[in-house]
Amino acid sequence: MHIHKSVLIAFAGAVMISSISAAQVRRAPATQADTKVAVAIALRVDGQPYQFDGNASCQHAPMASIYGVAAEMWTVQQSEGQRSIALTMWRPNNAQGNWLSLSVSGGGKSYTVSTVTAPGATVQGSGRVTLAPSGAGGTFTIEATAATGAAIAGTIKCSAFTPVIAEGGN
């Protein structure tokens, strides 16, 4: 009888420990590699070609905010060596048209465009961006002039948009 109770107590303890361990399992947050999709970039930046075909980050948030203005948001992030592009297209809920935030670096030069006109924002350069949806992705068409006066024009095609993963905050 004593052996039977000992086995039963040991079994109950093992079940309790495995239950506690299972409750402590945490899923790892998505990594940047998880959000990479096929991207084709064909831009002219200050008269120079900026071409890229490969994997980069294309994300979409149906509900976002910039300077307290509710907006739908799409982003593209691509970098390779000394070259990089960061595009954000905002579609404010209370305004017509899209806002553009664009940063391009390459050849030792950087170009910035921001057409965000929300209270507190600083406009840099000028331009416009449109998005033509296609399946799970779409193509951005950009016509802009950077704060330096450099022309930036062309397309960025994302094969898909992954969800934006909120980090911190409420």
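The values are calculated or read from the model by the stated rules, or taken from the named source; none is laboratory data. Just so it is clear, the structure is predicted and the values come from calculations on it, not from any experiment. Every residue, glycine as well, gets a Cβ built from its backbone with ideal geometry; the counts of neighbours run over all protein chains shown.
Could you tell me whether Ala160 is under 18 Å from the mean Cα position of the chain (by Cα) and either part of a loop (DSSP other than H, G, I, E, B) or free of Cβ contacts under 8 Å to residues at least 40 places away in the same chain (or both)? So Ala160 passes the test. The set of residues in region 121-139 that are β-branched (Val, Ile, Thr), exposed (fewer than 12 other Cβ atoms within 10 Å of the Cβ) and in contact (Cβ under 8 Å) with a residue 24 or more places away in the chain is empty. Only one entry of Gln82, Gln51, Gln59 meets the criterion of being crowded, with 18+ Cβ neighbours inside 10 Å and either modelled with pLDDT of 95 or more or not hydroxyl-bearing (Ser, Thr, Tyr) (or both), and that entry is Gln59.
Highlighted here are the strands (runs of 3 or more DSSP E) found entirely within region 68-120 that include at least 3 residues which are within 17 Å of Gln48 (Cα to Cα) and not aliphatic (A, V, I, L, M): 99-106, 109-114. Residues that are crowded, with 19+ Cβ neighbours inside 10 Å and either under 19 Å from Gln51 (Cα atoms) or small (Gly, Ala, Ser) (or both) within region 151-164 comprise Ile152, Ile156, Lys157, Cys158, listed in sequence order.
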